[in-house]
Amino acid sequence: MNYQSLVRAAVVIAAAVVALVPAIAQEQATGSPVAGTKIAVIDIDRIAAESNAGKVLFDQLKQENDRISAERAKKQQELRDMEARLTSEVLSADAREQLSRDVERKRTDAQRWLEDMQREFQDKQAAGEAQFQEKLAPVVEKVANENGIGLIFRATPGLTFVLDANLDITPLVVQALNQMEPGSGAAASSNPQN
């Protein structure tokens with residue numbers, strides 16, 4: 001989790017607390033039902049790790065990463081082979097100079113390719129995470145409504161301290177998400193116990 005995410009989470013928590021303080025004060029003054037508001041926490045990372053939809057996303061990203069890694073290893077080996085030829089073969093000055101230029105061009109091309117692949121992977125990761133969040137939002141809302149929960153905090157290590165494990169609705173959300181998409185794709189077939 002990066003610094004910006006932590007700051008956003010802190011702002012959301014602070015806003016929720018600021019919003020609750022007047023409501024609690026009003027409840028104490030008027031006796032309205034704000035005091036009955038149920039609070040819960042969810043762990044998004046755990047939901048992603050344990051749900052079928054999260055496992056499918058992880059598998060897709062892992063396959064993409066493996067493909068990029070294999071191609072990168074192939075390009076690195078080609079470059080090493082060219083560099084070995086440069087140092088081991090008896091070449092004329094012109095041939096050595098040409099091979100040296102070819103090695104530099106290959107190195108530059110490989111670096112550009114890697115930067116492009118990293119950018120492309122990050123874009124796919126962001127898109128996959130956005131799709132996961134879109135699937136997750138209505139499920140969290142459904143679980144909250146079914147359990148009469150009025151406020152949900154995101155469990156953020158170092159920021160959210162959950163002292164009562166009963167507040168954690170993560171397993172309920174995972175179960176509801178899996179019911180929405182039972183046995184999704186590769187994750188279900190590679191993990192038949194879930």
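Figures for the structure shown
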item	result
Relative contact order %, the stretch 55-188, counting alpha carbon pairs below 8 Å whose residues are six or more apart	37
Cα-Cα over 24 Å, subset of LYS62/LYS142; LYS55/LYS142; LYS62/LYS135	LYS62/LYS142
Cβ-placed point charges (K, R +1; D, E -1), dipole of the stretch 116-163 about Cα centre in debye, nearest 20	160
Overall Cα dimensions of the stretch 41-194, principal axis frame, Å, largest first	81, 35, 23
Carbon and sulfur %, accessible surface of the stretch 54-194 computed with the full protein complex present, 1.4 Å	51
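The values are calculated or read from the model by the stated rules, or taken from the named source; none is laboratory data. Keep in mind that what you see is a predicted model, and the values were worked out from it rather than measured. Virtual Cβ from ideal backbone geometry, glycine too; neighbours counted across all protein chains shown. Only protein heavy atoms, including side chains, enter the accessible area calculation; ligands, DNA and RNA are left aside. Shrake-Rupley method; radii C 1.70, N 1.55, O 1.52, S 1.80 Å.
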